[in-house]
Each structure stands twice: as C-alpha cells, then as structure tokens.
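Student: The structure follows.
The values are calculated or read from the model by the stated rules, or taken from the named source; none is laboratory data. Note that the structure is a prediction, hence the values are computed from the model and not measured. Cβ placement follows ideal geometry from the backbone for every residue including glycine, while neighbour counts extend to all protein chains displayed. Calculation scope for accessible area: heavy atoms of the full protein, side chains included, ligands and nucleic acids excluded. Shrake-Rupley method; radii C 1.70, N 1.55, O 1.52, S 1.80 Å.
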Amino acid sequence: MKRLEQSLTELFSRSLSDLFPGSGRVGICTPEEPRDLMLGLYLYSIRPCYDITPQPLVQKGSGFREQAPQFLTLYYLLTAYSKAEDAHKTQEEHNILFRAIETLLNTPVLTERELGFRPGTYVDRLQLRMLDLTPEEMSNIQSYRESPPKLSVGFYVTPVEISAVAGKAVSRTTSADIQTVGGPQGREL
C-alpha cells in the first residue's frame, strides 16, 4: 500500500510539476491538515473488489498451500491547497484540481512501468477512475471538519491485491498399503 501511495504521489507530482516549484508539494494528508502540500491525497474508504475471485487456497510447491490474495478498491479524495493571496487562491486551487482531473483521464491504467513495481500476482495493471461524487457525498466524507468542505475530486484505484502470509503445510500420500481381508472366495486382492 505504501508503494502504491508513493507511486500515486509521484504521478501527480510529475504531471503538475509546472504548477509546483520544487518537490514535496503532493502527498498524503487529510483535507483538514494539508501541511505544506498543494495537492493532498486522502484515502477515505477501502472496499472489497469482487471482479477477481481466485480459489481460496493456492498451491505453492509440493508441500504448502497459502491463502489466496484478496482484492480491494481504494477510494481517494484529491484536494487542492493554494498558497496564493486571497484574490488568486480560488483560481489557483481550481487550476490544480483541473490538472489533477486531466491526469486521471490521461492515466486510466497504471502498469509496472508507471508504478515501478508489479501490481500483484493475479493482476498486471490497476485502474484509476474519477468518481462522480455529489456535493452531499463530498460533505459526508469530510464531515469531521469544523470548516466547510474543501472542493475536492474523488477517484478510485482497483484491483489492489493484498496477500496473506497464512498458509498450511500439506502432506501428500506417497505410498499405500491396501489389503482386503476375506473376499468372496477368501482370496486377497
């Protein structure tokens, strides 16, 4: 998960580099606490993804079975924060969000090339999709805030593979000694 969030941060940093002087302007934060960020990513929901359903146990070698990975859909908010004076603050935040939307539209799929790592055993790409959140939904997501909700854009990433390390040893039958006692004629088979 940490690598995925680093990759998302790098993706938005690269695509908005002309708007943000220097580095460290895109990062993970709540909409309430942006620190020095100009674009914040906030993970607000994690749900199961049922598009991929592997067998519950996966054979690993001849003597071990492990629990199959599970798949999740991660829901994020992108929120812009301007450092401009009040007169230009709203316009700058709008510009940042529109560029973030362009990034989502121009990058609907993340592969190993964009991520810097293979997304999983069962998947070789992740989907990025913008969400159609109503103002009420946005308000509910940011309901913990004391101030009014910030203008934000929602998106999700799916299918994110997570693997359990649980498994069990499996012993195989290597030989069998089968005898029958007293068949119809008293013969052994």
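Student: Given the whole protein assembly as supplied and a 1.4 Å probe, what does the accessible area of GLU33 come to in Å², nearest 10?
Tutor: Counting only protein heavy atoms, the figure is 120 Å².
Student: Need one word for region 76-167: rounded, prolate or oblate. Basis is the Cα gyration tensor (sqrt eigenvalues a ≥ b ≥ c); a/c below 1.5 gives rounded, then a/b vs b/c decides. Can you show the working numbers first?
Tutor: Working: a/c = 2.74, a/b = 1.79, b/c = 1.54.
Prolate.
Student: Keeping all protein chains in position, work out how much accessible area THR121 exposes to a 1.4 Å probe, and write it in Å² to the nearest 10.
Tutor: 100 Å²
Student: Once ligands and nucleic acids are excluded and a 1.4 Å probe is used, how much of ASP132 is accessible, expressed in Å² to the nearest 10?
Tutor: Only protein atoms counted, so the area is about 140 Å².
Student: If DNA, RNA and ligands are ignored and the probe is 1.4 Å, what is the ranking of SER17, SER7 by accessible area, most exposed first?
Tutor: Numbers: SER17 70, SER7 10 Å².
If we order SER17, SER7 from most to least accessible, we get SER17, SER7.
Student: With each label point set 7 Å from Cα along the Cα-Cβ vector, what nm distance links LEU105 and ALA84?
Tutor: According to this spin-label approximation, the distance is 2.0 nm.
Student: Sticking with this one: With a ≥ b ≥ c taken as the square roots of the eigenvalues of the C-alpha gyration tensor of region 1-136, please select rounded if a/c is under 1.5 and otherwise prolate if a/b is larger than b/c or oblate if it is not?
Tutor: Details: a/c = 2.70, a/b = 2.26, b/c = 1.19.
Note, shape of region 1-136 comes out prolate.
Student: Using a ≥ b ≥ c from the Cα gyration tensor of region 107-148 (square roots of the eigenvalues), is it rounded, prolate or oblate, where a/c under 1.5 gives rounded and otherwise the larger of a/b and b/c decides, a/b for prolate? It would help to have the intermediate numbers written out before the result.
Tutor: Details: a/c = 3.64, a/b = 2.85, b/c = 1.28.
Since a/c reaches 1.5 and a/b is larger than b/c, the shape of region 107-148 is classed as prolate.
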